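Peer 1: Structure incoming, see below.
The values are calculated or read from the model by the stated rules, or taken from the named source; none is laboratory data. It should be emphasised that the depicted structure is a prediction, and the values quoted were computed from it without experimental measurement. Heads up, the Cβs are rebuilt from the backbone with ideal geometry, glycines too, and the neighbour counts pull from every protein chain shown.
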């Protein structure tokens, strides 16, 4: 049951970090807090046996994402004082979502329930076939590369698309140089 | 050729995505365009081939990596999407032909390699949305299409900086929508353990417990898809995004993006949700139907007050999506049939309208507003008359395909004795006359006189292809109706095969 | 008490999700909105990973000691989703930089005010 | 020449005329002659078809299927042949008159005007010859859209506003009421073809027939029954040839013609009579007749007065259709001819007065009668015909309507027709009295425009002359009802 207690504390830290992110106005502090946030997430994933996810979260979420944010924030002015608009509608929305979701998740299988449907259907085949066909011990790798390899291709394309989009936005002539395309932008 | 045929189902999606990577850094705009055209011609021929395969062998299931579903990812080409697949291929080809000159004047030529790359990514991913049979795989395609759309939309900032705000808005709302969808997938997965659509249906019919969680999962998925397909009131991202995007991009998205997602939306409604008939009825009668009616009126009325024509058309899209969802909210064959008919017809109509307006936009070199186009019917007669044809179809006059849509929507409503709704739909179609006629009046009956300018055939020929097809399908409606009835029958009757 | 511990992850999922949404809607700073979006997406990751856990299970790497493995499929899905999330943030940041270049601000309310002024 | 090719030629001739006018837009004489030539050709074709129908020939052409049970079908009915004859014959005179008026008044954009004039005639002919209700609807809409540029011809703020009122009422009512009514008929019966005796009986729920009639009579906004009449006075800003075309020939007649077609060939007069679904319409049309007459009296602008007179006269036809007895229908059908002839005379005269003397108001007509006697001679004939004084052709249709109302046991309606005739006398003949009253003589410069004077004289004399040949029309009108 140790994992439950560790899980409890890590999740609590996560929630606390979220609260601080909400409260903080300095952009660079927010970025730092986001880094902490993702690292705590990675720790939670390790605790929940998702080591591959934890590794990715640490590398991509905490590493690359933080670097990107720092680079962006470096070019931007300091954040202004918290200006919260739409407060009332968003409180109503939040509270109603919380109530609805609480009712629904009460119906979901509890954490770690070995008889949950997801542990009975489809997945057992993966584990069995991993032993017999692939001879690669990491089942996640097997699924990622083979069973759901097409998703992984899609994932690569997502990165490519985003990269291309960033290049277009940051370096393209259409948006950045003082060519005839730039003139028309109304100042 | 034969080696391609076996994998044609996958190739129509994968090919544009891979070619996109190749052309991204080609400096020559002409070469990038040419490669895109060749790719899409090939794409169209594959689609035709797939259609022939479908008509002789029926539903095609393509298993990636030969892993049988539900273990691997699969594509399904059945009656529901075969028609849209064909229309999609043909339409993107026409739009791409049209896009060349438009891109040249709205986007720096040096960027057009990247623009066409994003263009192909959008096409490939939308096609993936049409074909995929795996609920998580859909999410991946949704994201590719969202990211490529956002990048393309932000290219509109070359002419108006508001495009950036629109793109950011779309990014945030789109990501929320996609995440809602994933939450839904999570719920559905938690209760069934599967991600494959067909298997999901089988599993769901076996489990009797936890209906509320599944219902919630389905609702989350539907909400996510409703955000993505701009169903009222989750449409707020659409008007700025479509109106500030480069004109060719608006054409592609207005015609096809929301439609592709709507296809999956009805699949979930009628293939998965229909297991819980009680919930389905509640959702259709008390949520989707009223929302659609509100969408029709709100969209139309806001469109009436717009001065910017691209925005006007975008709001009209909201109303037209309302018609589609209204038809889909009628839980029988005739309603779904009408919805599919309108998906096809509205794709053509709105595509044609945005194409014509796009041409006016690049000739004006500015926003297309009601004032700025005064007298342009004389200046650009060929384009303006195409716009007129598309607009008359939007109103739903006979001999245009818009009329056929209206006919089938009325028929569906009538056979379900929804007389009040018939009245409201008739009223809204008359309101549509107002905003469309504002454009016509400025175009053709203005006091400003112009000499006719020679127009660019590379642009008006694609526009007229669409305009003529609108008339053709208005007179010989059987093709579209047949596609739609295949779709609705396989959706309603042969849910899981 | 243990029920509460078991339930804690689901609860966190709801709270994270809502606070992400809350930050997106109320905060006017675009960077903060992107961070809110990241939190919103992370809530789903936590949810999926919690689904995959089996009590007494280990990470889904085959070994001779243990025969109970946590479910690997949600892990795979979340791997994809994490990458997608970061890609979205990256694109969002690029747009924000461009917005700053064009408008000189990254606060939504200020930009809206300026737009209104321009229109009138 | 086969019947089919005759029909197609008749339909295409106005389009050729429009195209010809476009091609020769720089040579105004050639351009304007296309209208006259086209008019003569279509008139001859209409006449041949009119005679052919009496010899029991069939004029049917079925091009393709639009959707289940509805074809792209032309099928000339006796009623249709009457309407086409009226439209085409008056087109000849109208296009001659147009030349005189447009040049006399120095209007701009004459080429566009001539083209849309021809297209409007095409649409009117196609309405007359359409074989089912949907075809009728299609050309009804084309007629609306093609007359919009004519109404808003001057392109100033006033005419644009008028054009908007015109379009929004006509298109609005047709899309909201007419089209759903068509769908309703189709969904209940599976057919829309014009069939003698109607297609509804036995297939349509009789208790709902009253709603269908309401949808149709209000949906066919061109019939200008109150309260859907606002577009007609609004459209008066148009040049007079348009007013003549709109109010005498094509547009309003297309409206009442459509309603008559529905009553005779879709609902079926017998069925309508049995179901009593149109009794309320008798009252409404009576109300329109009286109210419009009273409003007409209050108008000083000659064209506005004629417009309200038109509204009143159109309701005679609606009244006839609503009564649905044999004589009432005969009277209604005949009234299409007689009113067209009479009213176009009056409008031609109004336009001629404007072009020659630049006067629009009735109160300013003083003494004009002595300077332009031919115009007022024609005007008087036209007015008397509409009032229904024998021996002018208009007396026939009124007589039939009175008989029809008695046949249907609506004594009230017969009395009302009498009252209305008295009002007609007052408001139609008042301009003549003013014009020939020596006390009011004013100095008005007369511009000569012979092309605007002869057409009304011809039609005016026609009103007189055709009285004696009414048998010629009555044969085919009997065919309508039989």
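To keep it simple, each residue is scored yes or no on (1) loosely packed, with under 15 Cβ neighbours inside 10 Å; (2) within 23 Å of residue D:390 (Cα to Cα); (3) without any contact (Cβ under 8 Å) to a residue 40 or more places away in the chain; (4) touching a helix residue (DSSP H, G or I) at 6+ places or on another chain (Cβ under 8 Å).
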residue: D:409; (1), (2), (3), (4): yes, no, yes, no
residue: D:416; (1), (2), (3), (4): no, yes, no, yes
residue: D:451; (1), (2), (3), (4): no, no, no, yes
residue: D:471; (1), (2), (3), (4): yes, yes, yes, no
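Peer 1: Regarding residue B:178, is this residue within 19 Å of residue C:25 (Cβ to Cβ), away from chain A (no Cβ under 13 Å) and buried (at least 24 other Cβ atoms within 10 Å of the Cβ)?
Peer 2: It is false that residue B:178 is within 19 Å of residue C:25 (Cβ to Cβ), away from chain A (no Cβ under 13 Å) and buried (at least 24 other Cβ atoms within 10 Å of the Cβ).
Peer 1: Follow-up. If residue C:109 passes every condition in (1) buried (at least 23 other Cβ atoms within 10 Å of the Cβ); (2) at the interface with chain A (Cβ under 7 Å from one of its Cβ atoms); (3) under 20 Å from residue A:84 (Cα atoms) but one, which one does it miss?
Peer 2: Going through (1) buried (at least 23 other Cβ atoms within 10 Å of the Cβ); (2) at the interface with chain A (Cβ under 7 Å from one of its Cβ atoms); (3) under 20 Å from residue A:84 (Cα atoms) one by one, residue C:109 breaks only (1).
Peer 1: Moving on. Within the stretch D:341-363, track down each residue that is farther than 28 Å from residue D:82 by Cβ and crowded, with 18+ Cβ neighbours inside 10 Å.
Peer 2: Residues satisfying the conditions are D:353, D:354, D:355, D:356, D:357, D:359, D:362.
Peer 1: Do we have residue B:200 as more than 7 Å from every other protein chain (Cβ to nearest Cβ) and in a loop (DSSP other than H, G, I, E, B) here?
Peer 2: no
Peer 1: Counting only residues that are out of contact with any strand residue (DSSP E or B) (no Cβ under 9 Å at 6 or more places or on another chain), within 14 Å of residue C:31 (Cβ to Cβ) and within 7 Å of chain C (Cβ to nearest Cβ), how many does the stretch A:28-48 have?
Peer 2: Adding up the residues that qualify gives 1.
Peer 1: For residues in the stretch A:130-143 being within 7 Å of another protein chain (Cβ to nearest Cβ) and in contact with a helix residue (DSSP H, G or I) (Cβ under 8 Å, 6 or more places away or on another chain), which is surrounded by the fewest Cβ atoms within 10 Å (Cβ to Cβ)?
Peer 2: A:137
Peer 1: Check whether at least one residue in the stretch D:78-99 is under 24 Å from residue D:133 (Cα atoms) and surrounded by fewer than 15 Cβ atoms within 10 Å (Cβ to Cβ), and report yes or no.
Peer 2: no
Peer 1: What residue, among those in the stretch B:203-222 that are more than 27 Å from the chain's Cα centre (by Cα), closer than 18 Å to residue C:74 by Cβ and in a helix (DSSP H, G or I), is nearest to the other protein chains (Cβ to nearest Cβ)?
Peer 2: B:213
Peer 1: So which of B:349, B:362 ends up being within 19 Å of residue B:247 (Cβ to Cβ), part of a helix (DSSP H, G or I) and modelled with pLDDT under 90?
Peer 2: B:362
Quick grid of which residues meet (1) assigned to a helix (DSSP H, G or I); (2) within 14 Å of chain B (Cβ to nearest Cβ):
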residue: A:57; (1), (2): yes, no
residue: A:60; (1), (2): yes, no
residue: A:63; (1), (2): yes, no
residue: A:84; (1), (2): no, no
residue: A:94; (1), (2): yes, yes
residue: A:97; (1), (2): yes, yes
residue: A:145; (1), (2): yes, yes
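Peer 1: Could you identify the single residue in C:71, C:66 that is closer than 19 Å to residue A:141 by Cβ, modelled with pLDDT under 90 and in contact with a helix residue (DSSP H, G or I) (Cβ under 9 Å, 6 or more places away or on another chain)?
Peer 2: Exactly one residue qualifies, and that residue is C:71.
Peer 1: Filter the stretch A:128-143 for residues that are in a helix (DSSP H, G or I) and in contact (Cβ under 8 Å) with a residue 40 or more places away in the chain; which is farthest from residue C:75 (Cα to Cα)?
Peer 2: The qualifying residue farthest from residue C:75 (Cα to Cα) is A:141.
Peer 1: Continuing with this model, one more query. Condition check: in a helix (DSSP H, G or I) and within 14 Å of the chain's Cα centre (by Cα). Does residue B:225 satisfy that?
Peer 2: Against the criterion (in a helix (DSSP H, G or I) and within 14 Å of the chain's Cα centre (by Cα)), residue B:225 qualifies.
Peer 1: Kindly establish whether residue B:469 is without any contact (Cβ under 8 Å) to a residue 40 or more places away in the chain and away from chain D (no Cβ under 11 Å).
Peer 2: For residue B:469, the condition - without any contact (Cβ under 8 Å) to a residue 40 or more places away in the chain and away from chain D (no Cβ under 11 Å) - is not met.
Peer 1: May I ask you to list the residues in the stretch D:280-305 that are modelled with pLDDT under 85 and under 20 Å from residue D:385 (Cβ atoms)?
Peer 2: Across the stretch D:280-305, the qualifying residues are D:302, D:303.
Peer 1: Taking only the stretch A:147-159 into account, find how many residues are surrounded by fewer than 21 Cβ atoms within 10 Å (Cβ to Cβ) and either within 18 Å of the chain's Cα centre (by Cα) or over 18 Å from residue B:22 (Cβ atoms) (or both).
Peer 2: Matching residues across the stretch A:147-159 total 4.
Peer 1: Here is a further query. I'd like to know if the stretch B:240-253 contains one or more residues that are over 18 Å from the mean Cα position of the chain (by Cα), surrounded by 24 or more Cβ atoms within 10 Å (Cβ to Cβ) and assigned to a loop (DSSP other than H, G, I, E, B).
Peer 2: no
Peer 1: Right, another one. Check whether at least one residue in the stretch C:51-61 is without any contact (Cβ under 8 Å) to a residue 60 or more places away in the chain, within 7 Å of chain A (Cβ to nearest Cβ), in a helix (DSSP H, G or I) and surrounded by 20 or more Cβ atoms within 10 Å (Cβ to Cβ), and report yes or no.
Peer 2: Yes: one or more hits.
Peer 1: Given the criteria out of contact with any strand residue (DSSP E or B) (no Cβ under 8 Å at 6 or more places or on another chain), buried (at least 20 other Cβ atoms within 10 Å of the Cβ) and over 19 Å from residue B:123 (Cα atoms), does residue B:79 qualify?
Peer 2: Here the answer is yes, as residue B:79 does meet what is asked.
Peer 1: Within the stretch C:19-28, track down each residue that is under 11 Å from the mean Cα position of the chain (by Cα) and facing chain A (nearest Cβ under 7 Å).
Peer 2: Passing the criteria: C:19, C:21.
Peer 1: Same structure, new question: Tell me which helices (runs of 4 or more DSSP H) are completely within the stretch D:152-244 and hold 1 or more residues being touching a residue at least 24 places away in the same chain (Cβ under 8 Å), more than 14 Å from chain B (Cβ to nearest Cβ) and surrounded by fewer than 18 Cβ atoms within 10 Å (Cβ to Cβ), or say none if there are none.
Peer 2: Answer list for the stretch D:152-244: D:209-219.
Peer 1: Something else: Would you point out the residue of the stretch B:32-57, among those that are more than 18 Å from residue B:130 (Cβ to Cβ) and in contact (Cβ under 8 Å) with a residue 12 or more places away in the chain, that is surrounded by the fewest Cβ atoms within 10 Å (Cβ to Cβ)?
Peer 2: Looking at the filtered set, the residue picked out is B:41.
Peer 1: Right, another one. One residue is enough: does the stretch B:100-108 have a residue meeting the conditions touching a helix residue (DSSP H, G or I) at 6+ places or on another chain (Cβ under 6 Å), in a loop (DSSP other than H, G, I, E, B) and at pLDDT below 85?
Peer 2: There is at least one residue in the stretch B:100-108 that is touching a helix residue (DSSP H, G or I) at 6+ places or on another chain (Cβ under 6 Å), in a loop (DSSP other than H, G, I, E, B) and at pLDDT below 85.
Peer 1: Go through C:101, C:33 for me and flag whichever is within 18 Å of residue A:69 (Cβ to Cβ), at pLDDT below 90 and assigned to a helix (DSSP H, G or I).
Peer 2: C:101
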